[in-house]
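Undergrad: Below you will find the structure I want to go over with you.
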Amino acid sequence: MEKWWKKSVFYQIYPRSFQDSNKDGIGDLPGIIKRLPYLKKLGIKGIWLSPVFKSPNVDNGYDVSDYCSIMPEFGTMRDMEQLINEAKKLNIRIIMDLVLNHTSNEHIWFKKALAGDKKYKNYYIFKDGSKDYAPNDIKSFFGGSAWEYVPTLKQYYFHLFAKEQPDLNWDNPQVREEAWNIMRFWKEKGVGGFRLDVIELIGKVPEDLIIGDGPMLHPYLQEMHENVLKGTDLVTIGETGSVTPLTAPLYTSPNRQELSMVFQFQHMALDEIAGKSKWDLKDLNITELKTVLSKWQTDLPMDAWNSLFWSNHDQPRILSRWGDEDYPEQSGKMLAILIHMMRGTPFIYQGEEIGMVNQNIDDVSELNDLESINFYNEQVALGKSKKDILVSINTKGRDNARTPMQWSEDKFAGFSDVKPWYPVNKNLKKINVAAALKDPNSIFYTYQKLIQLRNENNIILYGTYTLLHTEETIFAYTREYNEEEWLVCGNFSNKSQKFVLPKAVKKTILSNYNKIYNDKLLTLEPYETFVVSLVANKE
Ligand code: TEU
Ligand code: CA
């Protein structure tokens, strides 16, 4: 039987911003339980739950201080068990987001390490160095050196993210055993699997300047499989920033016994200047987007598996980014259709299904995310103009994705009865779940339909993919499987354009303009996107 996660669509929840249930302005687990029927209606089969473990929240939960207890703000272990069980009743599995590359500096292991305990110092990466000279020049992803000096030890420790996120030493077998135990703990609780944060970093060799894709990465993943995953139907989604269609099979071909799928970002880098940082903006080139997405469809071997997404908690809102806020329904549906008709497992990020957009800010004081704050301070120190820095942050900053979920037109969007931890987007009256559910033409129902189509049509899972040669701003491809052929076509622009179908239409499957397609020569309206099946050559 086919793996359940190949046919499923996943939904990512950022718990802090999803639903508050106890009037403290912070989303929580009982809030998620309350919204399960909504997710059931959408049709998803799995929830990627961003971290809910105990954490001092320097990086909003991606700095874990105890992997086997729940952050009190989010609820209790009992709430967590209830969420797992209530979801299961609706045939929805909960996927835990495990951050195993690093811990919080408040994790007991790290506290013991800092106190000089030898065993626990070997859980992390400590290196000699003098106060003025770090062991080498590796930089943290969040700015500054990746080495932090500890005067009491006269040593540095290594952190690829914030200094409050010390990297674990995966070369220590005791660390790996701890990781397997954490995974077994959650397996026992009945979760559906794991999203593995920055998993490609665990084979790092800092002294040789190797960060991603280290020599022991795959052996460690095989060890994980052997110890935790073997014989289960748990899904594992590896966050792999530098994977390519050629290296993805190393992680995901079943005979490798590693992970279920990769989660890759090549398309997410298309609006930054190549070789520079995410903050160095350039306009999206649609040809490049088509090339990258198509490459993943055609070059990934049939037995390997990829995920499909436009958004997550680290990315700006896709409607603001590559859609068109002047045509929210049309462009939101276009983006949804184009990606959901591809091969792979789609992920919807909370609010994407109702067309939530970026929230621009005017002042640095409105930021929450440490990545943006560090970038701002760094650039100001370099003498850059505050206005330009804010343009980058408003375009790419992670806070854009983290504003509270908009459920209704109530004062705080139905997210909470009190002032939320982070402000709700000002457009809440227009964009909210209640309004979307009332409107049969809303983006929501297109996502619902796309999930249904995936459940019912193997062509979406297995069909071969061919990109059609078209005008730059038309994104058209076919899928073929067992005598069947589907055409997916989107007008990626706000202008009307001509398009000629390669063959006659057998049946209209989906259209964001509710059209039925008969003619071969079409004039597409702004962002018009459709799926049709085509008449076979011999018919
Ligand atoms: O993100 C991995 C990662 O590489 C990010 O630093 C990414 O480059 C950045 O967010 C893009 O803006 C994961 C988590 O998804 C992220 O939320 C965490 O902050 C990070 O790991 C550290 O755990
Ligand atoms: Ca709460």
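The values are calculated or read from the model by the stated rules, or taken from the named source; none is laboratory data. Not measured: the values here are computed from a predicted model. Because the Cβ atoms are built from the backbone with ideal geometry, glycine has one as well, and the counts that use them run over all protein chains shown. Ligands, DNA and RNA are excluded from the accessible area calculation, which covers all protein heavy atoms including side chains. Shrake-Rupley method; radii C 1.70, N 1.55, O 1.52, S 1.80 Å.
Undergrad: Can you give the three extents of the C-alpha atoms in the stretch 470-539 along their principal axes, from longest to shortest, in whole Å?
TA: Answer, in whole Å and largest first: 36, 23, 17 Å.
Undergrad: In Å, what Kirkwood hydrodynamic radius results for the stretch 313-455 from the alpha-carbon pair distances?
TA: 16.3 Å
Undergrad: Using only Cα atoms, locate the centre of the stretch 354-390 and the centre of the stretch 217-279, then give the distance between them in Å, rounded to an integer.
TA: Comparing the Cα centres of the stretch 354-390 and the stretch 217-279, I get a distance of 30 Å.
Undergrad: Another question, if that's okay. Beyond 15 Å, what share of the Cα-Cα pairs of the stretch 32-83 is found? Please give it as a whole percent.
TA: 52 percent
Undergrad: Roughly speaking, to the nearest percent, how much of the chain's 1.4 Å accessible area is carbon and sulfur?
TA: 51 percent
Undergrad: While we're on this one: Under the Karplus relation 6.51 cos²θ - 1.76 cosθ + 1.60, θ = phi - 60°, what is the ordered set of whole-Hz ³J(HN,Hα) values for the stretch 411-424, x standing for Gly and Pro?
TA: Karplus values, whole Hz, x for Gly and Pro: 3, 10, 6, x, 6, 7, 8, 10, 4, x, 4, 9, x, 6.
Undergrad: Would you mind pulling out the separation of the Cα centroids of the stretch 415-460 and the stretch 120-176, in Å?
TA: 42 Å
Undergrad: Here is a follow-up. Specify the angular offset, from 0 to 90 degrees and rounded to the nearest 10, of the alpha carbon long axis of helix 286-299 from the longest principal axis of the alpha carbons in the chain.
TA: Tilt of helix 286-299: around 80 degrees.
Undergrad: Would you kindly compute the Cα radius of gyration of the stretch 258-315 and its largest Cα-Cα separation (Dmax), both in Å?
TA: According to the Cα coordinates of the stretch 258-315, Rg and Dmax are 12.8, 37 Å.
Undergrad: Next question. Check each of the GluC sites (Glu not before Pro) in the stretch 482-512 and keep only those in coil by DSSP with at most 12 other C-beta atoms within 10 angstrom; list them in order. Walk me through the numbers on the way to the answer.
TA: On the way: sites: Glu483, Glu484, Glu485; in loops: Glu483.
Sites meeting the loop and neighbour criteria: Glu483.
Undergrad: Same structure, new question: Filter Lys45/Lys429; Lys7/Lys449; Lys187/Lys230; Lys276/Lys387; Lys139/Lys204 down to the pairs with a C-alpha to C-alpha distance above 23 Å, please.
TA: Going by Cα-Cα distance, Lys45/Lys429 fall outside the 23 Å limit.
Undergrad: From the residues Leu259, Leu510, Val198, which one has its Cα farthest along the dipole of the chain in the positive direction, the dipole being from +1 and -1 charges on Cβ of Lys/Arg and Asp/Glu about the Cα centre?
TA: Projecting each Cα onto the dipole axis, the largest value belongs to Leu510.
Undergrad: For Asp280, list long-range residues whose amide hydrogen, built 1.01 Å from N in the peptide plane, is under 5 Å from its own amide hydrogen.
TA: So Asp280 has HN proximity to Ile273.
Undergrad: Working with all protein chains in place, sort Ile354, Ile108 by solvent-accessible area computed with a 1.4 Å probe, largest first.
TA: Largest accessible area first, the residues go Ile108, Ile354.
Undergrad: Need one word for the stretch 281-372: rounded, prolate or oblate. Basis is the Cα gyration tensor (sqrt eigenvalues a ≥ b ≥ c); a/c below 1.5 gives rounded, then a/b vs b/c decides.
TA: Here the stretch 281-372 falls in the prolate category.
Undergrad: Take the alpha-carbon positions of the chain, form their convex hull, and give its projected area averaged over all directions (one quarter of the hull surface) in nm².
TA: Over all viewing directions, the chain projects a mean Cα-hull area of 24.7 nm².
Undergrad: What distance in nm separates the simple spin-label points at Asp66 and Thr287, each placed 7 Å from Cα in the Cβ direction?
TA: Once both label points are built, they end up 5.7 nm from each other.
Undergrad: Can you list the residues, at least 5 places off or on another chain, whose amide H is less than 5 Å from the amide H of Asp66, using H built in the peptide plane?
TA: Lys54
Undergrad: Counting other Cβ atoms within 10 Å of each Cβ, which GluC sites (Glu not before Pro) in the stretch 363-438 have at most 14 and sit in a DSSP loop?
TA: Numbers: sites: Glu366, Glu371, Glu378, Glu409; in loops: Glu409.
Listed in order of number, the matching sites are Glu409.
Undergrad: Which far-off residues, 5 or more places away or on another chain, put their amide H under 5 Å from the one on Val150, with H placed in the peptide plane?
TA: Gln155, Tyr156, Tyr157
Undergrad: Could I ask something else about it? Rounded to the nearest 5, what % of DSSP beta bridges with both residues in the chain are antiparallel?
TA: Bridges in the chain that DSSP calls antiparallel: roughly 60 percent.
Undergrad: Something else now. In Å, what Kirkwood hydrodynamic radius results for the stretch 20-159 from the alpha-carbon pair distances?
TA: Across the stretch 20-159, the inverse of the average 1/r is 17.4 Å.
Undergrad: Rounded to the nearest 500 deg cm²/dmol, what is the calculated helix-only ellipticity per residue at 222 nm for the chain, with -39500 (n - 2.57) per DSSP H run of length n ≥ 4?
TA: Numbers: 17 runs with 150 residues, N = 539.
It lands at -8000 deg cm²/dmol.
Undergrad: Now a separate question. Hey, what angle do you get for helix 386-396 against the long axis of the chain, alpha-carbon based, 0 to 90 degrees rounded to 10?
TA: Result, in degrees: 60.
Undergrad: In degrees between 0 and 90, to the nearest 10, how far off the longest principal axis of the chain does helix 173-189 point, with axes built from Cα atoms?
TA: Roughly 50 degrees, rounded to the nearest 10.
Undergrad: Let me ask something additional. For the stretch 141-262, report the accessible area per residue in Å² (1.4 Å probe, heavy atoms, rounded to an integer).
TA: Accessible area per residue, the stretch 141-262: 36 Å².
Undergrad: I've got another one for you. Give me log10 I(q)/I(0) at q = 0.33 Å⁻¹ for the stretch 416-459, Debye formula, one equal scatterer per alpha-carbon, no solvent.
TA: Results for the stretch 416-459 at q = 0.33 Å⁻¹ read -1.10.
Undergrad: Holding the Cα-Cα limit at 24 Å, pick out from Lys34/Lys438; Lys41/Lys520; Lys127/Lys396 the pairs that are longer than that.
TA: Lys41/Lys520; Lys127/Lys396
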